[in-house]
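Structure first, then comments.
The values are calculated or read from the model by the stated rules, or taken from the named source; none is laboratory data. Keep in mind that what you see is a predicted model, and the values were worked out from it rather than measured. Cβ sites come from the backbone with ideal geometry, for glycine too, and all protein chains shown count toward neighbours. Note: areas computed on protein heavy atoms with side chains; ligands, DNA, RNA excluded. Shrake-Rupley method; radii C 1.70, N 1.55, O 1.52, S 1.80 Å.
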Amino acid sequence: MSRTVRGKVAVVGIGETEYYKRGEAPDAEFKLALKAILAACEDAGISPKRVDGFASFSNDRSDPSHLAAALGVDDLRFANMQWGGGGGGGSGAIANAAAAVATGMAECVVVFRALAQGQFGRFGQGPQRDVIAGDGAHTVPFGLMSPAQSFAMKVTRFMHDHGVEQNALRAISLASYHHAQNNPRAVMHGRPLDEEKYDNSRWIVEPFHLFDCCLENDGAAAMVLVSAERAGDFPHRPAYILSALSGSHYRAGASVHNTPDYASSTFKTVVPRLYDMAQVKPADVNVLQCYENFTGGVLMSMVEHQFCDPEDCNEFFVKDNLIAPSGKLPTNTSGGNLAECYMHGLGLNIEAVRQIRGQSTNQVDDVDVALVASGPMVTPVSSSIFGTEATL
Amino acid sequence: MSYLNPGLPKPVPAPDGLDSPFWEAASRDVLMLQRCGTCNEFQWGPEWICHRCHSEDVGFEEVRPVGNVYSYERVWHPVHPALKDQGPYIIVLVELPECSNVRLVGNLMGDPEQSVEIGAPVQAFFEHHRDAEPPFTLVQWEKV
Ligand SMILES: [Zn+2]
């Protein structure tokens, strides 16, 4: 039982820049990273010079040594990148940082993600070149090149296998937009969504309407992790890490859509380990942040995290079940990647910490356990569970 | 005859040679896939060793170009300038039951607004682009 991070590490600081539409950030990406880290340190009441580690994911371009130099860090001890998986690395980076703190490799690690797509180009656009070789040669010439196009066939197959209707996807989008209306930071604040607007929105790729797809944004987010022994020395209520880990099933990375378990969010092998480490059951989770690249990924992630039987999706996925404070499982309570900001999912982890602190703009009553699922349908994926001191 | 408007990136064999036999065969209206000479199972995309038995004896073998629709999608929003005026198009993921259930990606020939059934039988259609530079052939699919 000693081989766990459960209860050994806590998040004591969170920080974000303002969130901008893609390409509209007034700052360079590296400066956005610095601003988020400074905000997280201020929230924790610590000097940035005392940070001694950095962890990120999805090949973030802000290099830890460069950050440490820019911040005047005294003693860099940990510089970590979670490989692969894009947004699937969000909780994985937290897991890596927590492991470093729990084992004494570092004392105060910042997990961060910064994105300025105006500066560096977009995710949701196809490659514009003359020829293509390798795995892409077997997909791109058929017009299969964007993330939406890469995941739609997984969702279609899952919906076919389990009789899931479009309205189940719609409910996920409605819940996110509902939450964003109470969140002044949200890019979609003041832009509500109803059933009719969803139904009339254009298809991106079936089964995804426009409102099933994440935003593309500029901004940065960061959180500060320290050991549980020190967690009481900071101004805010600590969010203890009960579990954080990553992984993927057998040959999840098989190329040209050849993974055997195709219609999956990739969480099936991760989830039993996640709950085991946290010593919680799905029914103990008070609030969920579930990465939305696309609503279909949320649906499959929630099934694979055992919140809903695959055959019951049409009954479970209705807006009233998913909204704070009264829903059965309030989900994406900041508006998430669909309606708050697409910060590659680190924003979802920050929202989970807010729920533990009692500071969300869509606060759920009496939160003790908050779960984050990062990056469905990619490989590896990752999840994290945060708890209050009462859960230790 | 080309299913999609011209201008997408053209496929070329990988510089390391891993999938060259596939492209060469397609230009002759033949479907060749990778098969392990030790355990006789197919795998796709091609790998340097067999993922089942780790044999390096992996070669290419001609297979019957037939399969079933495993999944599909109808794309409406173009993400490449070449497809700006394309309108909707259908991508299918085809499973080949005679070849260890490996899957290939292609387009489904015909009306882009046709209904598609998961499990429907399909056969390959070799779409040649002989005048392209470099020339290439796409393995497309049509309902049987
Ligand atoms: Zn073999």
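Could you go through region A:241-256 and let me know if any residue there is part of a strand (DSSP E or B), within 30 Å of residue B:47 (Cβ to Cβ), among the hydrophobic types (A, V, I, L, M, F, W, C) and open to solvent by 10 Å² or more (accessible area, probe 1.4 Å). Yes, that holds for at least one residue. Residues in region A:136-151 that are facing chain B (nearest Cβ under 7 Å), touching a residue at least 24 places away in the same chain (Cβ under 8 Å) and touching a helix residue (DSSP H, G or I) at 6+ places or on another chain (Cβ under 9 Å): A:138, A:139. Scanning region A:319-333 for residues that are surrounded by fewer than 22 Cβ atoms within 10 Å (Cβ to Cβ) and not in a loop (DSSP other than H, G, I, E, B) yields A:319, A:320, A:321.
For region B:56-144, which fully contained strands (runs of 3 or more DSSP E) count at least 2 residues that are within 11 Å of chain A (Cβ to nearest Cβ)? Give the derivation first.
Details: elements: B:58-63, B:66-75, B:89-96, B:102-107, B:121-129, B:136-143.
Ranges flagged: B:66-75, B:89-96, B:102-107, B:121-129, B:136-143.
Residues that are among the acidic types (Asp, Glu) and closer than 25 Å to residue B:119 by Cβ: does region B:19-32 have at least one? No, region B:19-32 contains no residue that is among the acidic types (Asp, Glu) and closer than 25 Å to residue B:119 by Cβ.
Specify the residue that is farthest from residue B:33 (Cα to Cα); the eligible residues are those in region A:257-280 that are in a helix (DSSP H, G or I) and either within 12 Å of another protein chain (Cβ to nearest Cβ) or within 20 Å of the chain's Cα centre (by Cα) (or both). That would be A:278.
Among the residues in region A:167-175, are any more than 20 Å from residue A:40 (Cα to Cα), of a type in the set (Ser, Thr, Tyr), touching a residue at least 60 places away in the same chain (Cβ under 8 Å) and assigned to a helix (DSSP H, G or I)?
Taking region A:167-175 as the starting set, the residues that turn out to be more than 20 Å from residue A:40 (Cα to Cα) are A:167-175.
Now drop any that are not of a type in the set (Ser, Thr, Tyr), which leaves A:173.
Next, from what is left, pick out any that are touching a residue at least 60 places away in the same chain (Cβ under 8 Å): A:173.
Now drop any that are not assigned to a helix (DSSP H, G or I), which leaves A:173.
Yes, because at least one residue in region A:167-175 is more than 20 Å from residue A:40 (Cα to Cα), of a type in the set (Ser, Thr, Tyr), touching a residue at least 60 places away in the same chain (Cβ under 8 Å) and assigned to a helix (DSSP H, G or I).
For region B:29-55: of the residues being open to solvent by less than 30 Å² (accessible area, probe 1.4 Å), within 14 Å of chain A (Cβ to nearest Cβ) and assigned to a loop (DSSP other than H, G, I, E, B), which is nearest to the ligand (Cβ to nearest atom)? Only one residue fits best here, namely B:50.
All of B:100, B:71 fail the test of being at pLDDT 95 or above, of a type in the set (S, T, N, Q), touching a strand residue (DSSP E or B) at 6+ places or on another chain (Cβ under 9 Å) and within 16 Å of the ligand (Cβ to nearest atom), apart from B:100.
What about residue A:314, is it part of a helix (DSSP H, G or I) and open to solvent by 10 Å² or more (accessible area, probe 1.4 Å)? Steps first, answer last, please.
Details: part of a helix (DSSP H, G or I): yes; open to solvent by 10 Å² or more (accessible area, probe 1.4 Å): yes.
Yes: the conditions hold for residue A:314.
Remark: pairs (first residue in region B:32-57, in contact (Cβ under 8 Å) with a residue 24 or more places away in the chain and closer than 11 Å to residue A:258 by Cβ; second residue in a strand (DSSP E or B) and within 6 Å of the ligand (Cβ to nearest atom); Cβ separation under 8 Å; 6+ apart in sequence or on different chains) = B:42/B:36; B:43/B:36.
Name the single residue that is surrounded by the fewest Cβ atoms within 10 Å (Cβ to Cβ) among those in region A:190-226 being aliphatic (A, V, I, L, M) and farther than 26 Å from residue A:117 by Cα. Here the answer is A:226. Among the residues of region B:99-144, just one is free of Cβ contacts under 8 Å to residues at least 12 places away in the same chain and surrounded by 14 or more Cβ atoms within 10 Å (Cβ to Cβ), namely B:101.
Checking each residue in region A:226-240 for being of a type outside the set (S, T, N, Q) and part of a strand (DSSP E or B) picks out A:226, A:239, A:240.
Is it fair to say residue B:85 is closer than 14 Å to residue B:138 by Cα, open to solvent by 30 Å² or more (accessible area, probe 1.4 Å), in contact (Cβ under 8 Å) with a residue 24 or more places away in the chain and more than 16 Å from the ligand (Cβ to nearest atom)?
On the way: closer than 14 Å to residue B:138 by Cα: no; open to solvent by 30 Å² or more (accessible area, probe 1.4 Å): yes; in contact (Cβ under 8 Å) with a residue 24 or more places away in the chain: yes; more than 16 Å from the ligand (Cβ to nearest atom): yes.
For residue B:85, the condition - closer than 14 Å to residue B:138 by Cα, open to solvent by 30 Å² or more (accessible area, probe 1.4 Å), in contact (Cβ under 8 Å) with a residue 24 or more places away in the chain and more than 16 Å from the ligand (Cβ to nearest atom) - is not met.
Of the residues making up region B:56-68, those that are within 13 Å of the ligand (Cβ to nearest atom) and exposed (fewer than 14 other Cβ atoms within 10 Å of the Cβ) number 3.
Condition first: within 14 Å of chain B (Cβ to nearest Cβ), assigned to a strand (DSSP E or B) and within 16 Å of the chain's Cα centre (by Cα). Can you find one or more residues in region A:204-225 that meet it? The answer is yes; a qualifying residue exists. For residue B:13, the requirement of being farther than 19 Å from residue B:108 by Cα and either modelled with pLDDT of 95 or more or open to solvent by 30 Å² or more (accessible area, probe 1.4 Å) (or both) is met.
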